[in-house]
1. By how many nm would the segment from residue 137 to residue 80 grow when fully extended, if each residue of separation counts as 0.36 nm and the alpha-carbon distance is taken off?
2. Using a/c under 1.5 as the rounded threshold, could you call the stretch 1-149 rounded, prolate or oblate? The axes a ≥ b ≥ c are square roots of the C-alpha gyration tensor eigenvalues, and prolate needs a/b larger than b/c, oblate otherwise.
3. Give me the percent relative contact order of the stretch 1-149, please, defined on Cα pairs under 8 angstrom at least 6 residues apart.
4. Cα centroids of the stretch 80-119 and the stretch 6-30: how far apart, whole angstrom?
5. Just grab the label-to-label distance for residue 120 and residue 89, each label 7 Å out from Cα along the Cβ direction, in nm (one decimal).
6. Out of residues 5 or more away from residue 116 or on other chains, whose amide H comes under 5 Å of its own, with H placed 1.01 Å from N in the peptide plane?
7. What do you reckon, how do 107, 38 stack up by accessible area (1.4 Å probe), largest on top?
8. Using heavy-atom solvent-accessible surface (probe 1.4 Å) with all chains present, what is the largest-first order of 126, 97?
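The values are calculated or read from the model by the stated rules, or taken from the named source; none is laboratory data. A quick note: this is a predicted structure, and the numbers were derived from the prediction, not measured. Neighbour counts run over all protein chains shown; Cβ positions are idealised from the backbone, glycine included. These area figures cover heavy atoms from the full protein model, side chains too; ligands, DNA and RNA do not enter into them. Shrake-Rupley method; radii C 1.70, N 1.55, O 1.52, S 1.80 Å.
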Amino acid sequence: MRMIFCLLLGLIAIAFVLIGTTMPIMLPSQAAKDRAYYQQFKAAAAHVDSNGRLLASELGGWREKNGAGPLIQSSVKTPFDCDPSFKRAPVDRLVLSFWRGEWTECYAYPSGWTTLPMSVGAYLLSGVGVNIVIYWLLAAGAAWGAIRLRPGRTALKPSVVNGS
């Protein structure tokens, strides 16, 4: 039974080390994707400037002419599913948004305020850094447990000192 727990804790430690290592490696590419989304928001905002409103190029929203990118919707009010920390400036005329699969990204026009973290530092400050630290602490705890439970490890017995 001890062997099974040791192996299980070892596998858990390896899994958390992989997660804690790959997350920081993937952040620069994710920040680059967010900058591309921001450019698509700006293109939609330019569309608003030229047409006076966001015309629907597809049912439910607007996409760039090449059909790539997210389906952007516009609203005069902030959509309910935007991050609660997202605020509009008093000069903003509308909010552009798109569903990202798990949450909504928002962009206020014309101020340019957005929910997109467009740099590695912004991601780390948004909570990803804390998650990485937690993964590494869990990996260290699981590794420590696996080492303590490894087979063949005997408990250290205090040596008896002879009175001579």
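1. Details: separation 57, 0.36 × 57 = 20.52 nm, distance 3.52 nm.
Computed gain between residue 137 and residue 80 is 17.0 nm.
2. prolate
3. Details: 190 pairs, mean separation 48.2, N = 149.
Here the relative contact order equals 32 percent.
4. 31
5. 2.9
6. The answer is 106.
7. Descending accessible area places them as 38, 107.
8. 126, 97
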